Every structure is written in C-alpha cells, then in structure tokens.
Amino acid sequence: MKLRRSMLFVPGSNTSMVCNAFVYRPDTVMFDLEDSVAIEEKDSARLMVYHALQHFTYEDIETAVRVNPLHSIYGLLDLEAVIRAGVDIIRLPKTDTVEDVLQMQEVIEKIEFKIGTDKRTKLLAAIESAQGVVNAVDIARCSDRLMGIALGAEDFVRDLHTQRTKAGSELMVARAQILLAARAAKIHAFDSVFSDVRDKEGFVKEANYIKDLGFDGKSLINPNQISVLHKIFAPSGDDVEWALDVIEASDNAKEKGLGVVSIDGKMVDAPVIARAQWTLELAKASGMLGGDE
Amino acid sequence: MNKIKKRAYAGTLESSDAFIEIEPIEEDEIRIELQSSVEEMYGDDIRDLIAKVIKEMDISYISVRVQDKGALDYVIKARLQAAILRANDDKKIKWDKL
C-alpha cells in the first residue's frame, strides 16, 4: 500500500529545500514550479527540479511537480522537463473542468510518446475554485491517470469571497464535495496546506479533523509538520489489536466453513474485515508491525 | 563550438547554492574562476564538472566565474545550464544535452 499522508511542498527556486527535502521522509515530495517561483526564475527552477528528480536522493521517494498552467508560456516547458526527468505525478494547478484534465493528459501522452518512455505519469488535480468544486465529481472520474484530487484552499476562499479561519467553516462544503468525489471515483483525497507554521495546536486540530473526515493526507509547507501528521494518521494500539483479532476470527471462520463470525458479541462481516485489513496495512506502513518506517 | 551571445548569470549566494556568471571571450578556451568553501577538497572536481557541462552544450570562448556555497553537483550543473541558456536567449531546449 502506498501511503500518501504527507505531501511536502518544495519551491523549485529554493535550492536548499530542493536538495534536502528527501531527508524529512514525507510520503510525497511536491516540487513547485508555479506560484512559489518568481517569473524571472521560472527557467532556473525548472532546470533545478529537472536535475533533482534524477538524483539518487529522490530514487526511493514519490515525487510530484506542480507545473504552471498550460495556457501560460511555462506550462509546456515544465512538462517537457519533468516528464523527461521521470516525475511520478503531475499536479495540475487550478483545475476547474474535465477539459483541464483531458488537455493536460493529452500533452503528457504526446511527450511520453516522443521520448519513448514506458512510464505512465499520474495526475493529481488541484481544485481551487467554486467551479472546480461544483465539477469535482466529473473531474475525479474523467481520467484513469488521476490518482487523486486536492483542495487548494487559498485560491478557493478568494473565489468564495471569504477568508480562511481557524474553525475552517468556509471549507466545509468544498472538503465534503472533494472527499465524496474522490471516494466515488476510488482515488485519493488531499486536504490543503495549514499556512500558519507557528500554530502547532491549530495544525494538530485541523489534521485530526481532516483525518476523521476521511482524507488520505494533507499538503504541507513545513517539514516539521510531517512527523506530527504521520503520528495522527497512525492507528492506535487498540485499533491494531482489534484488527488483528478480526483477521484471526475471520481466518478461523473460513477454516470452519462459517460465513459470519462475531467478536465480543459484534458481528464481523465483509466491511468490518476490510476495515481491519486497512488498519493493519496502515499500521505496517507506519512502522507499527515491522513495516516501512 | 559556439560562442555565447552575451553575459548572463544564474543562482544565488545562499547556502547549498552557487552563483554563476558567464561571459563571451575572444580566445577559444573555457576559462574558469572558482571560489568555493570546499575548494581544497573538491576544487578540481568542480572545475571538471563545469568544463564537462560547457562542452556538452557545444560552447567554447567562455569565461565562467563560480561562487560556490556548498552546492551539490547537480545544483552547479543546473545553474550553469540556466546561465548558458539565458546568455543565448535559448527558448528551444535540447534536453539530451542537459
């Protein structure tokens, strides 16, 4: 199972961050060539990310790049560079419609064909407008390259004529819509960044909230937020114990040819078993059962 | 071998980065001036890298001044390539040369 709890934003123009982001072990490193890079440094950031993607330090970590929009003079150049460099995921900025995804997909296919790669670059659509939220269900289902959709809250609240608050009520509808769209399409759902890096308590509160809603993970802007987020997403010891009991009971029932089994008087059926398996996979990936971390 | 069209630069003086200035010269040579905090240990390697990148981009008649702040190889490469592309106003990038 590929965990995607933490997606660390790294400005392509910040050399130190580009060179060192892998050290913090986020689930995915997201190099940014769009909003965090000044116009006059678009070319140099593109080259920096092009080389970083091919460096051995990023060999065993999932990489994504937020490219500039295709209608800008930088979008196509960004794609040419990062697909050649073997990026795993392209993050589409400001995805409003299905056409935005299909257009990006077409360009990526052409570049992959031109350079003769077998690699199939995945797509992550960032929803950053009211129009995008309204179209989220169609967007999530429109391409088998889409591995997820993500909320881009800063632009979204501007479009909504409001601002971000600690309570997050302004994002309630967008979060629900994006999550449901992603789940219906069986792809990942990612929450937006928590911008105030000094407010640790606020970050923990928001991370717990989006985890409980059902999001797979969150975009991050500060490496210090990674371990905090991973702890929040790790199952509790009790959860793991329960999951182990469920799987054991289920295996025993199968051996005896029983269809349904109960634990502590509660029926264990297919959805419960699936949840237990997911908990164990998450525990394993979180290093609780001899897994990756 | 091609000459670059004009003076150009790329990079910063921040830690882990390099600031690279290039300019065309009249002689058919690659002139390298390096200031680096790791000059004693890696000076020759950095010079070799710079010469290699320049040759791969079919450039000669060039003077390169590098202020290295502990940059990794690929950072120096990226900065030098950016400077050369800027010096030539090159919009059509030959990726196989980079």
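Please treat every number below as a calculation from the coordinates, not as lab data. Keep in mind that this is a model prediction, so the values were computed, not measured. Positions of Cβ are generated from backbone atoms using ideal geometry, with glycine treated the same way; all protein chains shown enter the neighbour counts.
Before moving on, here are some points about what is shown:
- With a 10 Å cut-off around each Cβ of A:75-88, the average count of Cβ atoms from other chains is 1.
- Dipole magnitude (debye, nearest 20) for chain A, charges at Cβ of Lys, Arg, Asp, Glu: 100
- Among B:75-81, A:90-96, the order from most to least packed when residues are scored by Cβ within 10 Å on average: B:75-81, A:90-96
- Helix B:73-87 and the longest principal axis of the C-alpha atoms of chain B enclose an angle of approximately 30°.
- Tensor-based shape of region A:132-237 (alpha-carbon gyration tensor, a/c under 1.5 rounded, otherwise prolate or oblate): oblate
- Point-to-point label distance, A:Ala176-B:Lys6, nm (Cα→Cβ direction, 7 Å offset): 5.7
- Treating each Cα of region A:77-185 as one equal point scatterer and applying the Debye formula with no solvent, the log10 of I(q)/I(0) at q = 0.14, 0.18, 0.19, 0.24 Å⁻¹ comes out as -0.57, -0.83, -0.90, -1.21.
- B:Ile25 paired with B:Lys97, simple spin-label distance in nm, labels 7 Å along Cα-to-beta-carbon: 2.1
- Taking the helices alone, the protein assembly as shown has a mean residue ellipticity at 222 nm of -13500 deg cm²/dmol, built from -39,500 (n - 2.57) per DSSP H run of at least 4 residues and averaged over all its residues.
- Taken residue by residue and averaged, Cβ atoms of other chains lying within 10 Å of the Cβ of A:3-15 number 1.
- For region A:38-93, the spread of Cα positions along each principal axis, largest first, Å: 32, 20, 17
- Region B:8-89: relative contact order as a whole-number percent, Cα under 8 Å and 6+ apart: 48
- Most mobile of A:Ala174, A:Ala126, A:Ala81 in a GNM of chain A (Cα contacts under 10 Å): A:Ala81
- Proximal lysines relative to A:Lys200, as straight alpha-carbon distance under 25 Å, when same-chain residues fewer than 8 apart are discounted: A:Lys166, A:Lys211, A:Lys218, A:Lys231
- Under the span-like rule (Cα at least 24 Å along the axis, Kyte-Doolittle mean at least 0.0), DSSP H helices of chain A: A:98-115
- Of A:Leu53, A:Leu70, A:Leu123, the one that fluctuates the most in a GNM where chain A has Cα springs shorter than 10 Å: A:Leu70
- Centre separation in Å (Cα based) which lies between region A:3-25 and region A:43-74: 11
- Bridges between two residues of chain B, per DSSP, are antiparallel at a rate of about 60%.
- Rounded to 10°, Cα long-axis angle of helix B:39-56 versus longest principal axis of chain B: 20
- Estimated distance in nm for a label pair at A:Gln131 and A:Thr117, the labels positioned 7 Å out from Cα along Cα-to-Cβ: 2.9
- Calculated P(r) tail over 28 Å for region A:6-233, as whole % of Cα pairs: 25
- Across the protein assembly as shown, the volume of the C-alpha convex hull divided among the residues equals 169 Å³ per residue.
- Modelled FRET efficiency - R0 25 Å, A:Glu201 with A:Gln163, Cβ distances, 0.05 increments: 0.80
- Other protein chain C-beta atoms within 10 Å of residue C-beta, averaged over A:16-22: 4.
- Extent along principal axes [Cα atoms of region A:237-285; Å; largest to smallest]: 31, 19, 16
- Most mobile listed residue (A:Val173, A:Val137, A:Val67) in chain A, GNM with C-alpha springs under 10 Å: A:Val173
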